[in-house]
Amino acid sequence: MEFTVRKFDILREVSLTQGVIEKKTTIPILANLLMDAEGESLHIAATDLDVGIKSSCPAKVKKAGAITTPAKNFLEIIRSLPDSDIKIKALENSWVQITCASASFKIVGLPQDNFPNLPELKSSLVEIPGKFLLNLINKTIFSIASEESRYTINGALLILKPLSATMVTTDGHRLAHIEKQVQLDLNTEIKTLIPKKALAELQRLLAEADEKDLVSFGKDETHLFFRIKNRLMISRMLAGQFPNFDAVLPKENKKTVVLNREDITGAIKRVSLLADDKSKSIKILLETNRLELSSNNADLGEAREVLEISYNSGPVQIGFNCQYLLDFLLVTEDTKVSFDFKDDQSAGQLRPATEEEYHYRYIVMPMRL
């Protein structure tokens with residue numbers, strides 16, 4: 001194998017594979033990238049057996065072939081090289097030579113035969129606008145459960161219909177739900193669970209996509225596929241049933257206050273400085289034309305801030321994890337946000353105050369004061 005490639009081209013593709021690479025794997029080949037040069041392209045692949053990425057970039061191939069190379073070291077070498085063409089050549093015993101300008105490196109790889117076979121996307125079920133899908137992910141990914149034992153909520157529920165798309169995530173303490181009207185070439189409804197790591201990698205790929213790029217989505221019995229131009233992300237499916245989120249969405253939160261997003265975000269950040277380190281609890285006291293935020297830390301002291309508001313629907317005193325509130329406030333773009341309450345013990349709902357483009361709701365369970 002021998003080929004020449006532009007630094008910018010190979011660096012961009014190799015960088016996008018790094019999130020898939022296992023840092024502490026007990027299987028050495030999973031710490032490696034597969035490079036396969038043929039025709040006028042270099043094909044790159046990485047996997048941890050649960051999530052995989054395939055991509056490609058233009059290359060001048062002198063001799064076709066494939067080899068694997070340590071992903072982290074390879075990226076560091078490519079990143080360090082001057083902005084010039086890079087020549088990569090396979091040597092005996094799986095060694096790889098990298099040459100650029102006056103710099104030369106030799107690193108040891110592993111035979112390509114040991115690299116896992118990644119499935120291919122045989123047919124697409126639907127094409128989804130890339131930036132639209134990225135918006136759904138950005139608004140929900142932060143409320144996915146981290147505990148591996150709760151596997152049915154270790155991912156996002158994606159619901160695709162002919163005229164809409166919905167994404168829902170929860171960790172048992174909060175729930176993010178976003179629905180937006182979009183015309184999709186579908187005759188039926190598709191429901192699928194996307195694992196958290198796969199969702200994070202898809203988010204990275206979509207952040208690199210152009211405004212008009214489409215995502216080709218497909219699946220087989222065991223895998224999900226997302227193709228964006230020359231890049232394909234493959235993920236094992238999550239088994240199990242996502243919880244009935246409709247039962248969690250509040251129906252009677254009629255005590256509503258509309259707040260300036262920057263004002264309430266700044267106030268919560270300040271009050272949270274003295275919140276309890278473990279619980280991160282802050283108290284919200286809502287009274288006529290007045291909202292008071294407070295926190296108390298037995299070791300540090302207490303904080304309090306009052307905002308003048310327009311409100312006359314009866315008092316509410318309720319506690320929340322401050323980080324949960326900030327997670328929502330930092331991703332919604334609206335200048336005004338609505339806090340909806342039922343009473344002191346029921347879940348609160350946060351949403352953009354102007355829901356013209358999409359229906360976005362964020363439900364947070366209260367904490368004991």
Exercise for the section: Inspect all residues belonging to the stretch 292-306 and state whether any of them is of a type in the set (Ser, Thr, Tyr) and not in a strand (DSSP E or B). Expected result: no
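Rundown of residues vs (1) modelled with pLDDT of 95 or more; (2) open to solvent by 30 Å² or more (accessible area, probe 1.4 Å); (3) of a type outside the set (S, T, N, Q), yes/no style:
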site: 238; (1), (2), (3): no, yes, yes
site: 255; (1), (2), (3): yes, yes, yes
site: 263; (1), (2), (3): yes, yes, yes
site: 271; (1), (2), (3): yes, no, yes
site: 274; (1), (2), (3): yes, yes, yes
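Hand me the list of strands (runs of 3 or more DSSP E) wholly inside the stretch 143-237 holding 1 or more residues that are hydroxyl-bearing (Ser, Thr, Tyr) and under 30 Å from residue 366 (Cβ atoms).
Numbers: elements: 155-161, 164-170, 174-181, 190-195, 214-219, 223-228, 231-236.
Correct list: 164-170.
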Practice task
Please find, within the stretch 320-343, the residue that is surrounded by the fewest Cβ atoms within 10 Å (Cβ to Cβ) out of those that are acidic (Asp, Glu) and either modelled with pLDDT of 95 or more or under 16 Å from residue 249 (Cα atoms) (or both).
Solution key: 343
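If you take the residues in the stretch 287-319 that are touching a residue at least 40 places away in the same chain (Cβ under 8 Å) and either touching an Asp or Glu at 6+ places or on another chain (Cβ under 7 Å) or surrounded by fewer than 12 Cβ atoms within 10 Å (Cβ to Cβ) (or both), which one is nearest to residue 366 (Cα to Cα)? Explain how you work it out, then say what you get.
The first filter runs over the stretch 287-319 and keeps only residues touching a residue at least 40 places away in the same chain (Cβ under 8 Å), leaving 307, 309-311, 313-314, 316-319.
Now narrow it down to the ones that are either touching an Asp or Glu at 6+ places or on another chain (Cβ under 7 Å) or surrounded by fewer than 12 Cβ atoms within 10 Å (Cβ to Cβ) (or both): 307, 310, 316-318.
On the way: 307: 21, 310: 23, 316: 12, 317: 10, 318: 7 Å.
Per the criteria, the residue is 318.
If you go through the stretch 323-351 one residue at a time, how many are over 21 Å from the mean Cα position of the chain (by Cα) and not in a loop (DSSP other than H, G, I, E, B)? Working first, answer last.
The first filter runs over the stretch 323-351 and keeps only residues over 21 Å from the mean Cα position of the chain (by Cα), leaving 335-349.
Then keep just the ones that are not in a loop (DSSP other than H, G, I, E, B); that gives 336-341, 348-349.
Qualifying residue count for the region: 8.
So in the stretch 91-118, with the set limited to residues that are of a type in the set (D, E, K, R) and over 18 Å from residue 78 (Cβ atoms), which one is surrounded by the most Cβ atoms within 10 Å (Cβ to Cβ)? Lay out the reasoning, then the answer.
Initially, the stretch 91-118 is screened for residues of a type in the set (D, E, K, R), giving 92, 106, 113.
Narrowing further to those that are over 18 Å from residue 78 (Cβ atoms): 92, 113.
Details: 92: 5, 113: 8.
So, considering only residues that are of a type in the set (D, E, K, R) and over 18 Å from residue 78 (Cβ atoms), the one surrounded by the most Cβ atoms within 10 Å (Cβ to Cβ) is 113.
Can you go through 299, 334 and tell me which one is of a type outside the set (Lys, Arg) and farther than 30 Å from residue 134 by Cβ? It would help to see each step written out before you state the result.
Numbers: 334 fails: farther than 30 Å from residue 134 by Cβ.
Result of the check over 299, 334: 299.
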Handout entry: Selection from the stretch 181-204 of residues that are surrounded by fewer than 17 Cβ atoms within 10 Å (Cβ to Cβ) and touching a Phe, Trp or Tyr at 6+ places or on another chain (Cβ under 9 Å)
Key = 181, 190, 191
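Tell me the residue from 44, 21, 27 that is free of Cβ contacts under 8 Å to residues at least 60 places away in the same chain, of a type in the set (A, V, I, L, M, F, W, C) and open to solvent by 40 Å² or more (accessible area, probe 1.4 Å), please.
27
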Fill in the blank from the handout: Selection from the stretch 120-139 of residues hydrophobic (A, V, I, L, M, F, W, C) and open to solvent by less than 10 Å² (accessible area, probe 1.4 Å) yields 126, 128, 133, 136, 137
Exercise for the section: Quick one: in the stretch 140-175, of everything that is of a type in the set (S, T, N, Q) and over 15 Å from the mean Cα position of the chain (by Cα), which residue is surrounded by the most Cβ atoms within 10 Å (Cβ to Cβ)? Expected result: 166
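The values are calculated or read from the model by the stated rules, or taken from the named source; none is laboratory data. Bear in mind that the values here come from a model prediction, so they are computed numbers and not experimental data. Don't worry about glycine lacking a Cβ; one is built from the backbone with ideal geometry, like all the others, and counts go over all protein chains shown. For the accessible areas, the whole protein counts, side chains as well, though only heavy atoms, and no ligand, DNA or RNA atoms are used. Shrake-Rupley method; radii C 1.70, N 1.55, O 1.52, S 1.80 Å.
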